[in-house]
Amino acid sequence: MLYGFARVLIWPLTKVLYRLEMTGRENLPARGPVIVVANHSSYIDPVIAGLANRRQIHYMAKAELFEIPVLSWLIRRLNAFPVRRETADRTAIRTALDLLARGEVVLLFPEGTRYRLEGLGPIQPGAGVIAEKAGCPIVPITLIGTDKVMPEGARLPRFPKISAIVGEPMMPEADVGGPREAKEKARRLIGGAMREVEQTKRRRLGAPATSAKTSEGTP
C-alpha cells in the first residue's frame, strides 16, 4: 500500500523537478521473475529505476540503513531488503532468489555501491550468483543524470534532467552444461547487460562508443 502511494506521490515530483524521461518501459516482461540491473551513482537510483518499472520492484540496500529506526521501517515497506556489502551475503542472495521464485522483480546494482567515475565500476560476484541460480530474464536499465543530483562537494541537491532507458530482456541459455559452465554463462550475461547500460549511456551523452569490457568479478 505504501509503495503504491509513494509512487503516485513521487512520479509528478520527478517529472517537475527532474524532467524525468522514460523510454522502453514496454521491454519489462509483464509477469514472471525478472532481474533488473542498472548503473549506480546516486541514492536516487532505486527511486528512478522503480518508476521505470510498471511492476513493483524489490531491491537491496546497504545493511547500515536498516540500523536507523524510522528509515528502516520506511524502506522495508518500500520493498528494500538488507545486504552487507563487500561480503558474500548469503542471506541477501537467498532473499533475492526467494522473491524471484515467487515471480517478483528484483533490482540489482551489480557495481555493489555508488560509482561516480566515468564508465562502470567492477561487477561484484553476487549478481552473477543470483543470475545463475534464478535463470530468469535480465533487463538492463540505463540511468542518466542521477550522478548530478548530489555531486561531490555539493551541500544541497541539484535538479538536472534525468533519463531512464529500459533495454530489451536478455535471456539465459537453456542448455548451460555443468556448474562451472552455468556460473560462467551467468557472469557473462550480467557483464553483457552492464555493457549495454554503458554503451546506451555513452550514445545518449554523445560520447564515442567503446569496446572496452566492463570489469567483472568472479561469481
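None of the figures in this text is laboratory data; all of them are computed from the coordinates on show. Only a predicted model underlies this, so the values are computations on that prediction, with no experimental measurement involved. Using ideal geometry, Cβ is built from the backbone for each residue, glycine included, and neighbour counts are taken over all protein chains shown.
Points worth noting:
- Amide H contacts under 5 Å for Glu21: Ile162, Ser163, Ala164, restricted to partners 5 or more places along the chain or on a different chain, H placed in the peptide plane at 1.01 Å from N.
- In terms of the mean number of neighbouring beta-carbon atoms within 10 Å, the peptides 135-147, 51-63 order highest first as 135-147, 51-63.
- Phi to ³J(HN,Hα) by Karplus 6.51 cos²θ - 1.76 cosθ + 1.60 over the stretch 95-109, Hz, x for Gly, Pro: 4, 4, 5, 5, 5, 5, 5, 8, x, 8, 9, 10, 8, 10, 10
- Cα-centred dipole magnitude for the stretch 1-86, charges only on beta-carbon of K, R (+1) and D, E (-1), debye, nearest 20: 280 debye
- For the chain, the 222 nm mean residue ellipticity estimated from helices alone, with every DSSP H stretch of n ≥ 4 adding -39500 (n - 2.57) and the total spread over all residues, rounds to -12000 deg cm²/dmol.
- Relative contact order for the stretch 2-205: 30 percent, from Cα pairs under 8 Å spaced at least 6 residues apart, divided by residue count.
- Of the peptides 106-113, 81-88, the order by per-residue mean of other Cβ atoms within 10 Å, starting with the highest, comes out as 106-113, 81-88.
- For the stretch 148-153, putting each phi into the Karplus relation 6.51 cos²θ - 1.76 cosθ + 1.60 with θ = phi - 60° gives couplings of 9, 5, 9, x, 3, x Hz, in residue order, rounded to whole numbers and with x for Gly and Pro.
- When Cα Rg over 2.2 N^0.38 Å is calculated for this entry, the matching label among [x] 0.98; [y] 1.26; [z] 1.18 is [x].
- The stretch 43-153: C-alpha gyration tensor shape, a/c 1.5 cut-off, then a/b vs b/c: rounded
- Anisotropy class of the stretch 1-104 from Cα gyration tensor, a/c 1.5 cut: oblate
- Built amide H within the under 5 Å cut-off of Tyr59, gap 5+: Ala80, Phe81, Leu107
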